[in-house]
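The block underneath contains the structure these notes are about, expressed in structure tokens.
Throughout, read-outs are computed from the coordinates displayed, never taken from laboratory work. Predicted model only: the values in this text are computed from it and were never measured. Using ideal geometry, Cβ is built from the backbone for each residue, glycine included, and neighbour counts are taken over all protein chains shown.
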Amino acid sequence: MTQTQTHIRRPVRVTGATVTLLEGSSFCLSTPCGDIEHGLTQGLFYRDTRLLSRWELRVDDEPVEALTVLGEDTYKATFVGRARPLTGLADSTLLVERHRFVGAGMREDLVLRNLGREATACQVTVRLEADFGDLFEVKQGRPRDRGHHSVAHDDGVIRLRRDWHEHSHEVRIIAPGATTGSDHLTYRALVPARGMWCTTIQVAPVVDGEEPPQSFPQGQAIEETAAALRRRAWLGATPRIDVPDEAVRTTLARSTGDLGALQIQDPARPELPVVAAGAPWFMALFGRDSIITSLMTVSMERSLALGTAETLAAHQGGGVDPLTEEQPGRIVHEIRFGVNGSVALGANRYFGTADATPLFVMLVGELLRWGADPDRVRALMPHVDRALDWVVRHGDADGDGFVEYQRATDRGLLNQGWKDSFDGITYANGRIPEGPVATCEVQAYVYAAYRSRALLAEVLDGAGAGRPWYQRAAELRRAFNERFWLPERGWYALALDGEKRPVDALASNMGHALWTGIVDTDKAPAVAELLLSPEMFSGWGVRTLASSMGAYNPMSYHNGSVWPHDNAIIAGGLRRYGFDGHAQRVASAILTAAEAFDGRLPELICGFDRSEYAAPVPYPTACSPQAWASAAPLELVRVLLGAEACVPHGCLRLDPAVPPELEPLRLHGVPIAGTRVDVEVTNGSAVVTGLPAGIRVVDEGCDCMTPA
């Protein structure tokens, strides 16, 4: 993810103990009492626009005192509080419940429960505002006032509207029985002794005159709403994973649930599920983030990966535009579906990424390996070839065989790999290189893309058709190991700078090179040892940058922090080269860290050593839930299983290296070749039941699973 090309990629803090609810392209940030406080970065958001910038409940003109929040699901919660006691009373007898449901807008059920022996009369008021602020500007705390604003209200309905640039945003607040004003709605409530009073308020977005169906209509059971049905369908489609460790079991279940909650739809293709990058600020399709999340989950569920690939293909670059950095065949970096997206991005689509395009080809290859619908895979092939044409013509603009990046304007992202903060790529002394920059992991992804294209050719076009692509991969591997390896240091360069000089920092990126298989086998032991060395391994995971480097800062975003997805990739690379013990240490560190966050891994944590603090130190503005962090525990299970597939060749490889404390490890309902199988690992051995005809379990895998 990134903050867009105009800003350093560091989200602002969401103030205080913020409660986040999300469903699709809607999310709500509020205080623990349920209020959206005026002037903060809170709000109800729909398609990247803030609909409600204020939503404050008052009982007799006093705020409600928060007691607890019951987080029932990612899209619903109950805020429990109490009204301020009447003068002369020690304790309040009026309990206040706010049952909130966030979907295409919001529904809020207000319940007052009188715990006293006398009937209680009170005035219930909701103070409200809608600034229609652009998400990026709200995130920075500087929303701009645009266009013409108007308010209309009557008979329990308030309409707040903004007209700007021939577009309109409106929010309708429907509050039957309420007295309404331009910025408030009010009820006179009489709550019987030991009784209750309740009402329902609906908040509905209207964009350019179109109002989506209410996600939680009154009178329909919540468990029968579209949001609940989608969640049940997602959980039913994903395998159930059982391990003896309760904390790990909780992490895996929460990761699966969060990935379901992070699904959104392109309005032009609502039938295709895609995964958003993360909450709260990145509920949008990101090329890199969404693809890597899909790569980490494709072994357990195909529809999300396939929908993500097809949606990215539909938005693939067609022309040349320096402002958005669009180029023919390039896969988009970020798509914003809101009207205001052009304010921050220059357009709703921004293409400034060097890695999403080869990663897209990798994803299509993995979809084929794991048995996705072959007709839908075949339909993606023109997009695959356009992507590889971009790699050769635009990604490698100087023809040296490596893909480089350099932003086209001063609005673009300075760094266009996954470490995309302005200082994410540095020399060992901390200096920032001049571009164009060719990072080591991007070359690794291109290598894997060539091999994926070779497999696609062999399967779809016949034996021998993949030979030219395997040859390209082999040539790139030779060149990479010649140019990026630093024999005097014993590690791979983080990048090559604009003068083709090595950027010599010791960083986690070379773990991605292990992941794809581009690393020469004689160099792999040194890489593995360095990744688990004290300067790289914090005890909670592998740091993004070694503590011995000039730019190291354990509290930084990319220069010494620990990212779960980065570690899952590294663990996969370690296993690929046979470093099972190293991979187990990485997996154990990440899964143990998850326990400190109640099973929900954040986007990143600080890189302090485990000997310094007994618990992982949170990074204060990390997204949570975040897609590839949520996918990381599931990918670690696959890595520990040693599970790889090539359904077209009838191969399922299992090579367990599961730590004893996670045995027996059981997976129920793993999809493979149109059916579902169960896998159990006990005492280091795997047993598969329900395997379909034509698929065999193998020890070594077919040739396409191993490096050339």
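With R₀ set to 56 Å, the beta-carbon distance separating A465 from E271 gives a calculated FRET efficiency near 0.95.
Net charge of the neighbourhood of V191, taken over other residues with C-beta under 14 Å away and scored Lys/Arg +1, Asp/Glu -1, is +2. May I ask you to work out the translational diffusion coefficient for the stretch 238-682 at 20 °C, viscosity 1.002 mPa s, via Stokes-Einstein with Rh from the Kirkwood sum over Cα pairs, reported in whole µm²/s? Translational diffusion coefficient: 99 µm²/s.
Based on the Stokes-Einstein relation at 4 °C and a viscosity of 1.567 mPa s, and on the Kirkwood radius from alpha carbon pairs, the stretch 125-231 is assigned a translational diffusion coefficient of 81 µm²/s.
Bridging of K139 to aspartates and glutamates at a Cα separation below 13 Å is possible for D48, once same-chain residues fewer than 8 apart are set aside.
Summing +1 for each Lys or Arg and -1 for each Asp or Glu among the other residues whose beta-carbon sits under 14 angstrom from that of L667 gives -1.
Restricting the stretch 447-513 to trypsin sites (Lys or Arg not before Pro) that sit in a DSSP loop and have at most 13 other Cβ atoms within 10 Å of their own Cβ leaves K500.
For the chain, adding -39500 (n - 2.57) for each run of n ≥ 4 DSSP H residues and dividing by the number of residues yields -8500 deg cm²/dmol at 222 nm.
Of the two radii for the stretch 19-229, the radius of gyration is 0.97 times the Kirkwood radius, both from the alpha carbons; that is the Rg over Rh value. Placing unit charges on the Cβ atoms of the charged side chains and taking the dipole of the stretch 266-410 about its Cα centre, the candidate lying farthest along the positive direction among H383, A408, P280 is P280. The value of relative contact order for the chain, using C-alpha pairs under 8 Å at least six residues apart, is 11 percent.
When exposed loop sites are taken as GluC sites (Glu not before Pro) in a DSSP loop with at most 13 other Cβ atoms within 10 Å, the longest stretch of the chain clear of them is 167-433. Working note: Cα atoms of the stretch 353-465, range along each principal axis, descending, whole Å: 49, 26, 26. Spatially, the stretch 118-160 and the stretch 492-551 are offset by 50 Å when compared through their Cα centroids. Put simply, the convex hull of the Cα atoms in the stretch 42-131 casts, on average, a shadow of 6.6 nm².
Bridging of K523 to lysines at a Cα separation below 25 Å is possible for K419, K500, once same-chain residues fewer than 8 apart are set aside. This model, with +1 at the C-beta of Lys and Arg and -1 at the C-beta of Asp and Glu, gives the stretch 23-152 a dipole about its Cα centre of some 160 debye. A Förster radius of 60 Å, combined with the Cβ-Cβ distance separating A474 from E246, puts the computed FRET efficiency at roughly 0.80. Under a Cβ-Cβ cut-off of 10 Å, what is the net charge of the residues other than Y75 that fall near it, where Lys and Arg count +1 and Asp and Glu count -1? Spelling it out: positives minus negatives among the neighbours equals +1.
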